[in-house]
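This report refers to the structure that appears directly beneath it.
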Amino acid sequence: KLAPKDKTNLKELSDVLSNTKITFDKDSDIPKINDENDNINRTVAILKANPTFGLQIEGYADNTGSEEHERDLSQRRAYNVKQMFIDKGVPENQISTVTYTVNDPQFKQNIPDGDEHRCAIFRILVK
C-alpha cells in the first residue's frame with residue numbers, strides 16, 4: 001500500500017509522463033523529444049527520489065520493413081530511451097523495456113489508429 005507522499009509523487013510522475021512525447025524519424029532509433037516543460041528531467045528527479053517507482057519503456061515501429069527489421073528497430077528505440085534515463089542518473093534496475101511491432105496485439109491496443117507509430121510510450125511500475 002502506498003503512503004500518501006508516494007501517491008502524490010506517483011500522480012506527479014503520471015502527469016509529467018502524459019505530457020512527454022518521444023518519437024522517431026522513419027527507420028531511425030534516435031529519439032526526438034518534445035520536452036517544452038523539461039519533463040524528462042522532472043521524470044529523472046522523481047525516479048531518483050522514489051526507488052520503488054520504475055519505468056517500462058515500450059518501443060514501437062511501423063510496418064515499413066520486414067518483421068525482423070522492425071522488431072530490431074523497436075528494441076533499439078526502447079534501449080536508447082532507457083539509456084537516456086540511465087545517463088541522467090536513474091538506476092538501471094528502475095527501467096525496463098519491451099518492444100512491439102504492428103503484428104503484436106499490444107500494438108493495436110496501445111497505439112490508436114492515426115497516432116504516431118514510431119514512438120516510445122511509458123508505463124509506470126511500482127515495486
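No value in this document is a laboratory result; all are computed from the given coordinates. Quick caveat, the model's predicted, so the values are computed rather than measured. Don't worry about glycine lacking a Cβ; one is built from the backbone with ideal geometry, like all the others, and counts go over all protein chains shown.
Table for the structure above
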{"read-out": "Of LYS7/LYS48; LYS26/LYS127; LYS88/LYS127; LYS1/LYS88; LYS1/LYS21; LYS11/LYS32, pairs whose Cα-Cα distance is over 27 Å", "value": "LYS26/LYS127; LYS1/LYS88; LYS1/LYS21"}
{"read-out": "Highest to lowest packing among 25-32, 98-105, 79-86, scored as the average C-beta count within 10 Å", "value": "79-86, 98-105, 25-32"}
{"read-out": "Inter-site label distance for LEU125 and GLU12 at 7 Å from Cα along Cβ, in nm", "value": "2.3"}
{"read-out": "Highest average packing first - 53-59, 42-48, Cβ atoms within 10 Å", "value": "53-59, 42-48"}
{"read-out": "Relative contact order computed over the chain (Cα-Cα under 8 Å; 6+ residues apart), in percent", "value": "33"}
{"read-out": "Nonlocal amide H pairs with THR99, under 5 Å, H built at 1.01 Å", "value": "GLY59"}
{"read-out": "Whole-Å distance, taken between Cα centres, linking the stretch 38-84 and the stretch 1-24", "value": "16"}
{"read-out": "The chain, helix-only ellipticity at 222 nm - DSSP H runs n ≥ 4, -39,500 (n - 2.57), divided by all residues, nearest 500", "value": "-13500 deg cm²/dmol"}
{"read-out": "Local electrostatic count at GLU12 - Lys and Arg +1, Asp and Glu -1, tallied over other residues with Cβ under 15 Å", "value": "+2"}
{"read-out": "Ellipsoid semi-axes in whole angstrom, largest first, where each is sqrt(5λ) of the Cα gyration tensor of the chain", "value": "26, 14, 13"}
{"read-out": "Nearest 10 degrees, 0 to 90: helix 4-18 Cα axis against the chain principal axis", "value": "30"}
